[in-house]
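*Asks:* Pasting a structure here, questions to come.
The values are calculated or read from the model by the stated rules, or taken from the named source; none is laboratory data. Since the model is a prediction, treat every value here as computed from it, not as a measurement. Using ideal geometry, Cβ is built from the backbone for each residue, glycine included, and neighbour counts are taken over all protein chains shown. Note: areas computed on protein heavy atoms with side chains; ligands, DNA, RNA excluded. Shrake-Rupley method; radii C 1.70, N 1.55, O 1.52, S 1.80 Å.
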Amino acid sequence: MKNIFYLLIVCLASLFISACRLLDTEKPPEAEQGVLDLTEEWQQEDQTFTLDGEWEFYWEQLLEPSLIENGDALSSDYIKTPENWYKERFSNHGYATYRLQITLPEEREDDIMGLYIPDVNTAYTLWGNGKELASNGTVGINRSEMHPKHHPEITYFQANEDVLNVLVQVSDYYQRKSGWSESFHLGSSEAIQNMRDKNVAVEVFLVISLLVMGLYHIGIFILRPKDRSTLFFGGVCLAVAMRTLLLGEVLLVHFIPAINWELSLKLEYWGSCFGIIFFLLFIHAQFQEHMNHRIKNMFLMFFTGFAFFILVTPARVFTEMMLLLQLFAGFALLYLVIVLVGAFRNKRKGARLHMIAMTILLAFVINDILYYNHIVDTGETVSLGLFLYLFAQSFILSNVFARALTQSEQLSNRLEKVNQTLEVKVEERTKKLAETNEDLEQANERLEKMHRSRQELMSNISHELGTPLTSIQGYIKGMLDGVVDRNDPKYLQLVYDKTLFLRQIIQDLRELARLESNRMKFEFVDTDIHTFVQRLAETYRHEIESKNIEFRFENNLPPEGDKMVELDPIRIEQVVTNLLFNARKFTQAGSGITIELNETREDNASVVQIAVHDTGQGISPGELPKVFDRFYKGKSNNVKAEDGAGLGLAISAEIVYAHGGKMGTDSEEGKGSTFYFTLPVRDSKRNTRIT
């Protein structure tokens, strides 16, 4: 009972959320007289905006952008969207052109934008700034010319201007609805895709859950045909799943693109009819003595007849009867509530829970009737309401079988206890405890390992930050105590240098974190790698040779053709300079540093290798596997701590990995080290891309 109570609380919470949407006073910006201004509203990258409001409306005109710009269009009206145009004094069947001018912030002009296009009735073609972006079906000026089709779409585009002109041609000669009933959404490509993914995820979850519940209960009926309530309940689940597949994102069309539009609409209406039919039979199977058979048969005859009416008539006919179907559905659910109230008064088992759940479902159905007739703007909620109701009913039915199974298990356990000896029972329990203890030990070892790793990282960070902080504290304390002359610029410069070092550590940590979490943006450009590396060598030659170190550049690439590499010049220069300056730190005056360019193969693909050789003291074999670890400084590193925090190579390795390459090192103590990295070769030039 407690679990069922929790399920009902979830249903009530969902109903409360839907009611809150009605009371929400904060409204998004709306178009006025064909213009929507987003210059002040678009502040964040993940924002999306509805294109609701007044659009320019050209009745019985299929205009292209050039005709409107040349002034060839006839006079226009303004129409409120989302809305059926027949509510605005126009004929239910016909064709028209919608136009909306959207003012964008300057910083968004070059962004890749996404436009979510809802289910438009019943065919459309959409342009953005004179370019055709999307279409669904075939727009026509009469029934024979147009081809109906419906499902939401997403299109991506780049405005390239501070004004986006959206033009939509729409025609409908096949059903009662016209225009569109849900909102267009505009935002960044990522925000729109995320919104679409969430919608699809919710609908897939609902459909799969309903299918599993339906097939599960039909399977129970096959095994135990005496109880027909499981068959009717499974039928309700499958009917609701079919209806859900044809609403919202219209997933059935995505799964079966070749499905006929007329058939998909018939399936949607059949889902409603058969769902109510099975609903009536399900309640009748449980509380038949409280249900009037004449009223039940009247409802069954109506919905069965309506299903046959849908089968033999085209969409333009049976869709006109949607309001009648909605009214009878509402009356049927209301009658079921009355039946359940009677069962509750007679203290029938489970009647109270059925009554509460049915009342909540009735509220969702009324909301959807008002929404589809454009009286409220809460969105479609009956799919969620049906899912919650069916989930609760599934739990109730499963509880009945669970109780029977529990009783059977109890009897079996009693017999087992009589037949088993105490020694066998103790042995089994001891074995289970041993297995549980082993699992706990393994889990404890994993947690301990994670704890040590975290402690080590925090210790490294504390040590690296503590050293310069201690120095700064010492100098400032000396100045306060008079031991150090506070007017001496030498000590002030030392304090300032250490704060710069501290700032560099923090910046390196931040950059490494961004790289490891894939939040670093790269600007890739096709580059001749020989020219690029040679330019870097010439750029930093003076800095290296100023330390009395010989510097050489060796190009070992084949002479035929340029080797094009797709890279971010700034980030790869960061990697190369890090390797050069590391080599300079560990190379004595009079020795040499060489930057070498080679071509090799890696995983059956051509790559270029950029290597930096030094003649320094080298790295011991035990230290080689650790050189790319964060905060690692070799034991032989005799340079000052302020010269680095041990993050440069870790950052460089992440940058190279983001380019699709690898980084490594070879070294021999006393003879020097070689640090190298590889980059994939491109066969032909490509345009610049941003990631």
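*Asks:* Please enumerate the residues belonging to the stretch 265-302 that are under 15 Å from His354 (Cα atoms), part of a helix (DSSP H, G or I) and open to solvent by less than 30 Å² (accessible area, probe 1.4 Å).
*Replies:* Phe279, Leu280, Phe282, Ile283, His284, Phe287
*Asks:* OK, next. Considering only residues of the stretch 343-354 that are buried (at least 19 other Cβ atoms within 10 Å of the Cβ) and hydrophobic (A, V, I, L, M, F, W, C), which is farthest from Phe391 (Cα to Cα)?
*Replies:* Residue satisfying both the conditions and the ranking: Ala343.
*Asks:* Here's another thing I want to ask about it. Out of the stretch 534-570, which residues are part of a loop (DSSP other than H, G, I, E, B), open to solvent by 20 Å² or more (accessible area, probe 1.4 Å) and either more than 21 Å from Val608 (Cα to Cα) or acidic (Asp, Glu) (or both)?
*Replies:* If the condition is that a residue be part of a loop (DSSP other than H, G, I, E, B), open to solvent by 20 Å² or more (accessible area, probe 1.4 Å) and either more than 21 Å from Val608 (Cα to Cα) or acidic (Asp, Glu) (or both), then Ser546, Lys547, Asn548, Glu560, Asp562 are the ones that fit.
*Asks:* Quick one: would you say Arg584 is under 26 Å from Val627 (Cα atoms), open to solvent by 70 Å² or more (accessible area, probe 1.4 Å) and either in contact with a Lys or Arg (Cβ under 8 Å, 6 or more places away or on another chain) or not β-branched (Val, Ile, Thr) (or both)?
*Replies:* no
*Asks:* Suppose we filter the stretch 415-449 for residues that are of a type in the set (D, E, K, R) and at pLDDT below 75; how many remain?
*Replies:* 6
*Asks:* Residues that are crowded, with 21+ Cβ neighbours inside 10 Å: find the strands (runs of 3 or more DSSP E) completely inside the stretch 94-148 holding 3 or more of those.
*Replies:* 94-103, 112-117, 123-128
*Asks:* Moving to a separate point now. Looking at the stretch 71-92, I want the residues that are modelled with pLDDT under 85 and surrounded by 15 or more Cβ atoms within 10 Å (Cβ to Cβ) and have a partner that is of a type in the set (D, E, K, R) and outside any loop (DSSP other than H, G, I, E, B) with Cβ atoms under 6 Å, at least 6 apart or on another chain. Which pairs are those?
*Replies:* Pairs that qualify, where the first residue is modelled with pLDDT under 85 and surrounded by 15 or more Cβ atoms within 10 Å (Cβ to Cβ) and the partner is of a type in the set (D, E, K, R) and outside any loop (DSSP other than H, G, I, E, B), are Ser76/Glu56.
*Asks:* Please state which one of Val236, Val207, Val166 is over 28 Å from the mean Cα position of the chain (by Cα), at pLDDT 85 or above and open to solvent by less than 20 Å² (accessible area, probe 1.4 Å).
*Replies:* Residue meeting the stated conditions: Val236.
*Asks:* Condition first: more than 28 Å from the chain's Cα centre (by Cα), surrounded by 22 or more Cβ atoms within 10 Å (Cβ to Cβ) and of a type outside the set (Gly, Ala, Ser). Now tell me which residues in the stretch 170-185 satisfy that.
*Replies:* Listed by number, the residues that qualify are Val170, Asp172, Tyr174, Gln175.
*Asks:* Still on this model: Ala329 passes all but one of (1) at pLDDT 90 or above; (2) open to solvent by less than 60 Å² (accessible area, probe 1.4 Å); which number fails?
*Replies:* Looking at each condition in turn, Ala329 falls short on (1).
*Asks:* Which count do you get for residues in the stretch 240-250 that are touching a Ser or Thr at 6+ places or on another chain (Cβ under 8 Å) and not hydroxyl-bearing (Ser, Thr, Tyr)?
*Replies:* Going through the stretch 240-250 one residue at a time, the tally reaches 6.
*Asks:* Gly646 - would you say it is on the phi > 0 side of the Ramachandran plot, at pLDDT below 70 and not in a strand (DSSP E or B)?
*Replies:* Yes, satisfied.
*Asks:* For Val253, are the conditions met, namely being open to solvent by 20 Å² or more (accessible area, probe 1.4 Å) and either in contact with a helix residue (DSSP H, G or I) (Cβ under 9 Å, 6 or more places away or on another chain) or outside any helix (DSSP H, G or I) (or both)?
*Replies:* No, not satisfied.
*Asks:* Another one. Counting only residues that are more than 38 Å from the chain's Cα centre (by Cα) and in a helix (DSSP H, G or I), which one in the stretch 308-326 is farthest from Phe278 (Cα to Cα)?
*Replies:* Among them, the one singled out is Val317.
*Asks:* Still on this structure: Being assigned to a helix (DSSP H, G or I), aliphatic (A, V, I, L, M) and open to solvent by less than 40 Å² (accessible area, probe 1.4 Å) is the filter; apply it to the stretch 186-201 and report the residue that is farthest from Glu109 (Cα to Cα).
*Replies:* Looking at residues that are assigned to a helix (DSSP H, G or I), aliphatic (A, V, I, L, M) and open to solvent by less than 40 Å² (accessible area, probe 1.4 Å), I get Met195.
*Asks:* Hey, any hits in the stretch 327-337 for a residue that's among the β-branched types (Val, Ile, Thr) and more than 29 Å from Gln175 (Cβ to Cβ)?
*Replies:* Yes, there is a match, as at least one residue in the stretch 327-337 is among the β-branched types (Val, Ile, Thr) and more than 29 Å from Gln175 (Cβ to Cβ).
*Asks:* Sticking with this one: Looking at the stretch 145-161, I want the residues that are of a type in the set (Gly, Ala, Ser) and have a partner that is surrounded by 15 or more Cβ atoms within 10 Å (Cβ to Cβ) with Cβ atoms under 7 Å, at least 6 apart or on another chain. Which pairs are those?
*Replies:* Hits for this filter: Ala159/Leu104; Ala159/Glu109; Ala159/Met113; Ala159/Asn129.
*Asks:* Mind counting the residues in the stretch 607-630 that are part of a strand (DSSP E or B) and not hydrophobic (A, V, I, L, M, F, W, C)?
*Replies:* Qualifying residue count for the region: 3.
*Asks:* If I ask for residues that are among the β-branched types (Val, Ile, Thr) and at pLDDT 90 or above, which ones from the stretch 608-624 would you list?
*Replies:* Val608, Ile610, Val612
*Asks:* Anything in the stretch 496-541 that is closer than 24 Å to Phe581 by Cα, at pLDDT 65 or above and among the β-branched types (Val, Ile, Thr)? List them, or say none.
*Replies:* Thr499, Ile506, Thr527, Ile529, Thr531, Val533, Thr539
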